[in-house]
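The values are calculated or read from the model by the stated rules, or taken from the named source; none is laboratory data. On a predicted model such as this, the values are computed, not experimentally measured, just so you know. Every residue, glycine among them, receives a Cβ derived from its backbone with ideal geometry; neighbour counts consider all protein chains shown.
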Amino acid sequence: MWYLCVFYHRLLEYRKPEFESLAGLFEGRSGPTTLEWRLPEDHHPDSPFHFVNLPSEEMARDIASRSILVKGIYELWGEGRSFEELEEAINSYPDDRKLLYLAPGTTFKITVESFGKAISSHEQSDRFQKLAFIPFKGKVNLRNPEHRFCLMDNDDYGDNNGLPPIVKRRIFFGREVGASDRKILQTYQLKSRKYLGPTAMDAEMAFLMANQAQVKPGKLVYDPFVGTGSILIAAAHFGAMTMGADIDIRVVRDGRGPDCNVWSNFKQYGLPMPLSLLRADNNLPPWRSGLKEVFDAIICDPPYGVRAGGRKSGGRKLLKGVIGPYTVPDDKRTDHIPSTAPYSLVECVHDLLDLAARMLVMGGRLVYFYPVLREEDSPEPTFPEHPCFELIATCEQILSYRYSRVLLTMVKVAPYSEEIELAAKLKHIEFKENHLKWLEDGNLHSAVFSPADVQINGTGEKFSSKPKYRGKYV
Ligand SMILES: C[S@@+](CC[C@H](N)C(=O)[O-])C[C@H]1O[C@@H](n2cnc3c(N)ncnc32)[C@H](O)[C@@H]1O
């Protein structure tokens, strides 16, 4: 059945992939799901309103209550360009779908929402009046109604409501089948977290990453660049067992003292502690000690040398030209911290894909950020590939005029083997030569740290080329 999905006007490229990942997560109960999407008449892909075909109301409810970017999902009773058209549509919606929810003895609540503008209580009651033709026989209950309805539109406010100007006004009325709960974002907001670092992942993004990874109770989730543990906290909130690693011993062992470290962050929210936090190097990963396909998801924000520079173990040896995996000498096994050397984007991505290919279960997901330049002369972004993985989603978040990060979601579709290891190396060399070199040759760093050219208009004022509607900037 088709439902009206209303998204928040945020992180626009993340909305459908999150929805689709959650549909996959909940499909077990309702059978396999292939989603179809449709836009309302005269709307644009950046619109908050989308129609989606779902197998059951139960799935709609599950998705909405878990999602970060879905505001609500509705059984649409009618839509139109004007209230007259809306009334006609609601009247012709089948009675057998309506009467149950209008029956005597039921309780209900109607809310009025207008996209891109707060409406006055006067305007609200005016709109309620326009729904007087619907034969509600139940009682209004504002606190705990059995049935909720919503009248929604994107009113005509010129081109200043955050949407592309081509989007025309459309009014919708529907019965709510599921609504989101963004209260978790308040609970987990960084400003009230005890142990923080300069690159701690914000709560909204950490939950989105966990949703992309289809985290659920009983799954084992690994973050090889765990830092302050923000991503694993989101995974643990959704019931996963967690495990993390970081090259920085101060991060995983000490933090800022006995009550201010990764462990205390988990304690602060009453979440189960990680199974382990390792001092481990992404290029000396746990598979070397015999662990094989154990993780259901690997979720991380790798150090690309932008804000947190990547490091790898074996600094002095590497400088002396010793190639091959660094091993801690036997006599230094206790309390030894290897020296480190810079770790390039190329190596980091290669090692991450290799680690994920070896250690994820089949169907497991790798969810991670990848940096992208947005300048006019930057080549179209190309993303790393690996024969074990299918790339299923790329979601850009613009961080400045010149620099973005893209959340990549990859699914393991083939088991690891020696042939695959070789094929992956070839793919990696090709990628390194053709795409990564350019990004590494100082271009990424300068895009982030040097000031953007500011244009001056005829009146001498500074202006930017920011589009009128907020699009991907939200
Ligand atoms: C972008 S931060 C991750 C922040 C983390 N998501 C958080 O919420 O706090 C990258 C982390 O990777 C670690 N790191 C750098 N090089 C590494 C390597 N070769 N292996 C493992 N961790 C590394 C850094 O110490 C840093 O904590």
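Odds and ends about this structure:
- The set of residues from the stretch 361-394 being assigned to a strand (DSSP E or B), closer than 19 Å to residue 471 by Cα and in contact with a Lys or Arg (Cβ under 9 Å, 6 or more places away or on another chain) comprises 372, 373, 393.
- Residues of the stretch 311-328 satisfying the condition of being at pLDDT below 75 and either near the ligand (Cβ under 9 Å from one of its atoms) or not hydrophobic (A, V, I, L, M, F, W, C) (or both): 314, 315, 316, 317, 320, 321, 324, 325, 326, 327
- Subset of the stretch 94-113 (residues that are in a loop (DSSP other than H, G, I, E, B) and either among the small types (Gly, Ala, Ser) or buried (at least 16 other Cβ atoms within 10 Å of the Cβ) (or both)): 103, 105, 106
- Sole residue being of a type outside the set (D, E, K, R) and free of Cβ contacts under 8 Å to residues at least 40 places away in the same chain, chosen from 40, 94, 48: 94
- Residue within the stretch 285-297 that is surrounded by 22 or more Cβ atoms within 10 Å (Cβ to Cβ), more than 14 Å from the ligand (Cβ to nearest atom) and among the aromatic types (Phe, Trp, Tyr) present: yes
- Residues of the stretch 411-431 include at least one that is in a strand (DSSP E or B), at pLDDT 85 or above and either touching a Ser or Thr at 6+ places or on another chain (Cβ under 8 Å) or under 28 Å from residue 215 (Cβ atoms) (or both).
- Matching entry among 254, 259, 281 (being surrounded by 13 or more Cβ atoms within 10 Å (Cβ to Cβ), closer than 28 Å to residue 189 by Cα and either in the same structural domain as residue 219 (by TED's automatic domain parsing) or at pLDDT 90 or above (or both)): 254
- Within the stretch 37-78, being of a type in the set (Asp, Glu) and buried (at least 16 other Cβ atoms within 10 Å of the Cβ) holds for 46, 57, 62, 75.
- In a residue-by-residue description of the stretch 87-98, the property of being farther than 13 Å from residue 6 by Cα and either modelled with pLDDT under 95 or of a type in the set (S, T, N, Q) (or both) applies to at least one position.
- Residues in the stretch 159-173 include none that are more than 30 Å from residue 362 (Cα to Cα), within 10 Å of the ligand (Cβ to nearest atom) and not hydrophobic (A, V, I, L, M, F, W, C).
- Total residues in the stretch 9-26 satisfying the condition of being within 12 Å of the chain's Cα centre (by Cα), touching a residue at least 60 places away in the same chain (Cβ under 8 Å) and assigned to a helix (DSSP H, G or I): the figure is 8.
Per-residue answers, yes or no, for (1) more than 9 Å from the ligand (Cβ to nearest atom); (2) touching a residue at least 24 places away in the same chain (Cβ under 8 Å); (3) not aromatic (Phe, Trp, Tyr):
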| site | (1), (2), (3) |
| --- | --- |
| 205 | yes, yes, yes |
| 210 | yes, yes, yes |
| 213 | yes, yes, yes |
| 218 | yes, no, yes |
| 225 | no, yes, no |
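- Condition check for residue 267: of a type in the set (D, E, K, R), assigned to a helix (DSSP H, G or I), away from the ligand (no atom under 12 Å from the Cβ) and at pLDDT 80 or above: yes
- Members of the stretch 254-284 that are over 16 Å from residue 313 (Cβ atoms) and over 26 Å from the mean Cα position of the chain (by Cα): 254, 255, 256, 257, 258, 259, 260
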